[in-house]
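Note sheet for the following structure.
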Amino acid sequence: MSTSGPNSQSPIRLFPPGFLWGAATASYQIEGATTEDGRGPSIWDTFSRQPGAVWNGDTGDVACDHYHRMEEDLDLLGELGVTAYRFSVAWPRIQPTGKGPANQRGLDFYHRLVDGLRARRIEPTLTLYHWDLPQALEDEGGWCVRDTAERFAEYVDIVARALGSDVERWITLNEPWCSSWLGYGAGQHAPGVRDIGKAAAANHHLLLAHGMAVPILRSAVPGAKVGITLNLGDERPGSEHELDVAAAERADGNLNRLFLEPVFHGRYPEDMLAHYAKADPGFSVVREGDLALISQPLDFLGVNYYFPSTVVDESRATEARLAGYFVAPIEMFPDLHVRSLETPGRDKTAMDWEIQASGLTSLLVRIRDEYTTLPIYITENGAAFDDYVDPNGRVLDANRVAYLQEHISAVHDALDAGVNVQGYFVWSLLDNFEWSFGYSRRFGIVWVDFPTGTRLTKQSYHWYRDTIRANSVEYATSIGSS
Ligand code: FCB
């Protein structure tokens, strides 16, 4: 729904000069070529082969075949006009077993990518870990053991020395909440473990790995801009009932505060430590000095935002149903006794994620108020819809255009509120392997015909290109915004 903004005559909102416009992808979701040039297996190669783990038994074996089509994808980025591209390096391409000397052919691939970006004046924004842990390290305990953080530090050193000053921004981890709580808690992601004590330990070891990486990046790449990307949410109680308010506080603690507090305040939230006190090994793995390492100064924060969330206490699910809510059958937070609600009448994406752009604005304002005034990049935002190629050979994804327009407007609202947002990366450049949903969910602004690998730009690609060129957005708010 396009409406003009509340405080302006003109619906056109300009972004500050130098605002970064980007697109994002991740190695396992697009590269394919999983056995080529010395790459070792990752936990996603293993997990995707477990019966029932991924929709349709899909794997990343071929994915978008980006490994062989890199030039074409670079051209798509060039024509789009982005000023930055966020990609991730596959650790098992660099160290096939997660330790030992670098695999030069793996490094060469990323050298070519970075050179191709530079040639097109696109700033490389490199994520060091977007979930493809070498399987050999998982066999030794994965993120549940401290040693994996040490191995990560060695891997970071190799990549930083090899790609060094050619890379503009370094993101240590993508969404450590997903790696720990979905990977080791809910078991929906690789490695598919369901153990709260392990999830909590993984949470800490991932943050420790981040902390260890920061000084390594700073010494290997003088002037490096270093940050971390967190998936954060706006967790709201479904009612004013004290049990629901407490449930929202627990959801917020798990999703947001377990990451924001250690990174920016050097401590874990007391309520969460108490909640997970009996988890084994849980947060007992924290050692003296770890939190000082985890909370070192950064240069930016990456925020991934997709949807808002409304929750109630488990005991009040029936009440919520009677009030007209749909109560999600699958629980996002194992062991928190929280149930997620779907607000009646609110638009959803093909992921069943509710659309509410104002949640992004309030989240950004809260980060500024409670955690940091560092530059913030929206390192991921986008939507899956049931796209199709029409008889004229076009993908007219007006719903994605509306989603992007609303969320970019919400970013502008945050700027108006004085939040230091300096860039926005759309997820994703390409339709790709959407983790446990396989190829059934399309997030791209470029359509990929998976059997042939053919690319086709969607309406949203052209809309985003025009937005970048104009450095402005026609202001829009989502239906049901509050
Ligand atoms: C995020 C992931 C990204 C993609 C989007 C839809 O959680 O970081 O890889 O799958 O969700």
Among (1) open to solvent by less than 60 Å² (accessible area, probe 1.4 Å); (2) away from the ligand (no atom under 16 Å from the Cβ), the one test that residue 363 misses:
(2)
Name the one entry in 453, 393, 423 that is away from the ligand (no atom under 15 Å from the Cβ), in contact with a Leu (Cβ under 6 Å, 6 or more places away or on another chain) and touching a residue at least 60 places away in the same chain (Cβ under 8 Å).
423
It is to be established whether one or more residues within the stretch 430-450 are open to solvent by 10 Å² or more (accessible area, probe 1.4 Å), in a loop (DSSP other than H, G, I, E, B) and more than 23 Å from residue 230 (Cα to Cα).
yes
Filter result for residue 137 (in contact with a Ser or Thr (Cβ under 8 Å, 6 or more places away or on another chain), open to solvent by less than 10 Å² (accessible area, probe 1.4 Å), away from the ligand (no atom under 16 Å from the Cβ) and not β-branched (Val, Ile, Thr)):
yes
Being part of a helix (DSSP H, G or I), of a type in the set (A, V, I, L, M, F, W, C), under 21 Å from the mean Cα position of the chain (by Cα) and away from the ligand (no atom under 15 Å from the Cβ) is the requirement here; does residue 411 meet it?
yes
Consider the stretch 423-482. How many of its residues are more than 25 Å from residue 62 (Cβ to Cβ) and not hydroxyl-bearing (Ser, Thr, Tyr)?
15
For the stretch 258-284, how many residues are under 19 Å from residue 172 (Cβ atoms) and open to solvent by 20 Å² or more (accessible area, probe 1.4 Å)?
4
Scanning the stretch 216-235 for residues that are closer than 18 Å to residue 177 by Cβ and touching a helix residue (DSSP H, G or I) at 6+ places or on another chain (Cβ under 7 Å), which turns out surrounded by the most Cβ atoms within 10 Å (Cβ to Cβ)?
228
Residue that is among the hydroxyl-bearing types (Ser, Thr, Tyr), within 30 Å of residue 224 (Cα to Cα) and touching a strand residue (DSSP E or B) at 6+ places or on another chain (Cβ under 8 Å), where the choices are 305, 325:
305
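Against the condition part of a loop (DSSP other than H, G, I, E, B) and either touching a Ser or Thr at 6+ places or on another chain (Cβ under 7 Å) or aromatic (Phe, Trp, Tyr) (or both), how does residue 102 come out, does it pass? If you could, list the steps in order and put the result at the bottom.
Details: part of a loop (DSSP other than H, G, I, E, B): yes; either touching a Ser or Thr at 6+ places or on another chain (Cβ under 7 Å) or aromatic (Phe, Trp, Tyr) (or both): no.
In short, no.
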Hits in the stretch 373-390 - residues which are within 16 Å of the ligand (Cβ to nearest atom) and either more than 20 Å from residue 24 (Cβ to Cβ) or not in a strand (DSSP E or B) (or both):
381, 382, 383, 384, 385, 386, 387
Scan of the stretch 318-357 for residues that are of a type in the set (S, T, N, Q), more than 16 Å from the ligand (Cβ to nearest atom) and part of a loop (DSSP other than H, G, I, E, B), ordered by number:
343, 356
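The values are calculated or read from the model by the stated rules, or taken from the named source; none is laboratory data. This is a predicted model, so every value here is computed, not measured. So basically every Cβ, Gly included, is an ideal-geometry build from the backbone, and we count neighbours across all protein chains shown. Protein only, heavy atoms only, side chains kept; ligands, DNA and RNA dropped before computing areas. Shrake-Rupley method; radii C 1.70, N 1.55, O 1.52, S 1.80 Å.
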